[in-house]
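Chemist: For reference, the structure I am asking about is given below.
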Amino acid sequence: MRTFGKKLLTGITAFIMTLTTLWAFAGVFVSADDDVPADNPDDGIVTASERKTDLLREVHEDAPEVSAASYILYDATSGAILLGNNYDVQKEPASMTKVMTVLLALEKLDQNEIVTITEDIAEAMDEITEDYVKLGLQEGEEISVQDLVYAAVLKSANDASLALGMYMAGSEASFCEMMNAKASEIGCTNTHFSSAYGLSTPDNVTTPYDMALILNEAVTNTNYSEIAKTLNYTISATNKYSSERELSNSNKFVNTTQYGYEYYAGGKTGFTNSAGYTLCAAAKKNNRTLIGCVFNADDPDIRYYDLIRLFEYGYSTFATVEITENEFTPLVEEAKGQINDLLSDTNLYISEQRVVLDQYITTTSARAQLGSTNRIDLSDTVIDTQAEEQTLEIPLCKVYSDKTYLIGTLVIKIQKKAGVVEVNPEKITNLTSVRSLLVTFAVLSGLILLLVIVLLIFRARIIKRRRDEVTKRPNML
C-alpha cells in the first residue's frame, strides 16, 4: 500500500513539473508576442523617417509615365513622396527660382510699399540679356511691391524679380544669401541660389524635392496661390509710365481650357536652353495638398499634361489619413493602468504624461479601405525602480493588414514620491516579464493547491482503508 502511494505521488509530481515547464515556455512566447501581431513583427514597422520614401518602394504598375528627366509627386499634407525619379538630383530651375524671391517678398514686405529703381538696380537689370522677359523698369521709377510681385509671377519678368531681391537685401549676392538661408530653414538640403530670377548658370540649382518644399511654403503661408491663379492684372501708371500696363498670366493651367485644372493652387513655369522646360504646381483637393515638379521636359505642353496625370493618380491611388489623439485614448488609459499596477508596490508614480502624434500619414487607397487598428507597444518598456526620475517613450502604431506605421509616442514621466523610504527595491522591472511572472506564479499556485487537495484525498482514503482492515481483522481470525 505504501509502495503504491509513493508511485502515485511520484507520478503526480512529474505530471505537475511537466505542466509547469510547458506553461513557462508558453509564458515566454506570450510575453514576446502579446502586443505584436504575427504578420507585423517589430522589424517591419515603418518609422516616421521611413514614411517619406516608403511608398516609392512599392510597385505601382499603373503609374503614369513622365517624360521629364526629373520629377516628383509630393504629398505636402503628410510629407510623403508618392512618385518620383531623380527627385534629389540638382538641376537648374530656370524661372521657378522666382517662387523663392516672391515668397520672401510676401513675407518681408508690405505689398503697398513703394520700390524706387535705384542706379544700382538699374545697372544690374542692364545685365539681363534681351532673350529674358522684362517688364521694362527704368532708373528712378517708383512702383509698388505688389506690382513687382504680380509681374514676376504672371509675366515672369526678370527685372521685376531682380528689383525685389535687391530692394530687400541691397545687392543680388546678399539676397541670394537670404534665399539660401530660407531654403535651409524649410528643409532644403540640395539647393543653392545664385540668381534672384533664374539666370541660367550651373550654380543656381535645386532639386524636384526641394522645389516642392519651396512651393508648398509659398502656397501654405502666403497669398502666393491667389496671385498665381490670377488671369489678368493691371499695373497702374508710374512716374516713368503714363499709361497702365496689362499683364496676362502665361501659365496654361490658368489661361487655357485644354490644360486648365480645377484643383490648381499655384505654381511657376521656367525655361532656359540648359534647364529645358520646367514647371512646379500645387493642387488642393479634399483638404489634401499635392505638389508636382518636373525638370528638363522636352516640350512646353507635355509638362502640364504630365502634372495633371500625376495629380489625378495621386488623388485616386493614395489616401492621406488624419491621426487624432482621441482614437488612442482607450489604449493610453489601459497602458497607464498597467504601469500604475506595477508601480503600486514601489515608491514611484506617474508625474506627467503626453501623447505626441504625427497629424497625417499617407498610404495606398486600397490599404486604407481595408481599415486599420491602433496599438501601443509595451514590449520594450523598462522601468528603473532606483532612478529618481525617468521618461518612458512608448511607441504608438497604426496597423494595416500588411503594414504597420509608427505614428507617435506616449511619453510618460515617472518620479519618486517625496518622503517615502524604499524597502528592498528591485533594480529593473520589465513590464512584459513581470506580467508573465505573475501569470506563471498564479498558475503554479493553483497547481500546488491542486496537489495538496489530491494528497489530502489520497491520505484520507488510506486512513479509511487501514481502519477497515483493523475492523475486519477479528473476523478473519
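Taken together, the values in this text are just the output of simple stated rules run on the coordinates, not laboratory data. Bear in mind the structure is a predicted one, so any value in this text is a computation, not a measurement. Cβ atoms come from the backbone with ideal geometry, glycine included; neighbour counts cover every protein chain shown.
Chemist: Mind listing the long-range amide H neighbours of residue 141? Cut-off is under 5 Å, sequence gap 5 or more, other chains count too, H placed in the peptide plane at 1.01 Å from N.
Modeler: Amide H neighbours of residue 141, under 5 Å, 5+ apart: 117.
Chemist: Please list 3J(HN,Hα) in residue order for the stretch 103-108, calculated via the Karplus relation 6.51 cos²θ - 1.76 cosθ + 1.60 where θ = phi - 60°; whole Hz, with x for glycine and proline.
Modeler: Calculated HN-Hα couplings, in order: 4, 5, 5, 5, 7, 9 Hz.
Chemist: If I model a spin label as a point 7 Å beyond the Cα along the Cα-Cβ vector, how far apart are those points for residue 316 and residue 349 in nm?
Modeler: 5.9 nm
Chemist: If R₀ is 45 angstrom, what is the calculated FRET efficiency for the pair residue 415 and residue 368, using the beta carbon separation as r and rounding to 0.05?
Modeler: Once rounded, the FRET efficiency stands at 0.65.
Chemist: By its C-alpha gyration tensor, with a ≥ b ≥ c as the square roots of the eigenvalues, how is the stretch 64-319 shaped: rounded for a/c under 1.5, else prolate for a/b larger than b/c, else oblate?
Modeler: prolate
Chemist: Taking H placed 1.01 Å from N in the peptide plane, check which residues at least 5 places from residue 407 or on another chain put their amide H under 5 Å from its amide H.
Modeler: Those qualifying (amide H under 5 Å, at least 5 residues apart or on another chain) are 396, 397, 398.
Chemist: Another question, if that's okay. For residue 88 and residue 234 in one chain, what is 0.36 nm times their gap in residues minus the Cα-Cα distance, to one decimal in nm?
Modeler: Residue separation times 0.36 nm, minus the Cα-Cα distance, leaves 48.7 nm.
Chemist: Using amide H atoms built in the peptide plane, which far-off residues or other-chain residues are under 5 Å from residue 289 H to H?
Modeler: Those qualifying (amide H under 5 Å, at least 5 residues apart or on another chain) are 76, 77.
Chemist: While we're here: Quick one: what are the phi-derived ³J(HN,Hα) couplings along the stretch 293-307, Karplus 6.51/-1.76/1.60 with θ = phi - 60°, whole Hz, x for glycine and proline?
Modeler: With coefficients 6.51, -1.76 and 1.60, one gets 9, 10, 10, 6, 6, 8, 9, x, 8, 4, 5, 5, 4, 4, 5 Hz.
Chemist: Residue 248: net charge of surrounding residues, Cβ under 14 Å, Lys/Arg +1, Asp/Glu -1, itself excluded?
Modeler: +2
Chemist: May I ask you to evaluate 6.51 cos²θ - 1.76 cosθ + 1.60, the Karplus curve with θ = phi - 60°, for each residue of the stretch 410-417 and list the ³J(HN,Hα) values in order in whole Hz, giving x for glycine and proline?
Modeler: Once θ is set to phi - 60°, the couplings for the stretch 410-417 become 8, 9, 10, 9, 10, 9, 7, 6 Hz.
Chemist: Right, next: Listed highest first by mean packing, meaning other Cβ atoms within 10 Å per residue, what order do 101-107, 236-242 come in?
Modeler: Averaged packing, sorted descending, gives the order 101-107, 236-242.
Chemist: Ok, one more. Of the listed peptides 361-370, 286-295, 125-134, 457-466, what is their order by residue-averaged count of other C-beta atoms within 10 Å, with the highest listed first?
Modeler: Averaged packing, sorted descending, gives the order 286-295, 361-370, 125-134, 457-466.
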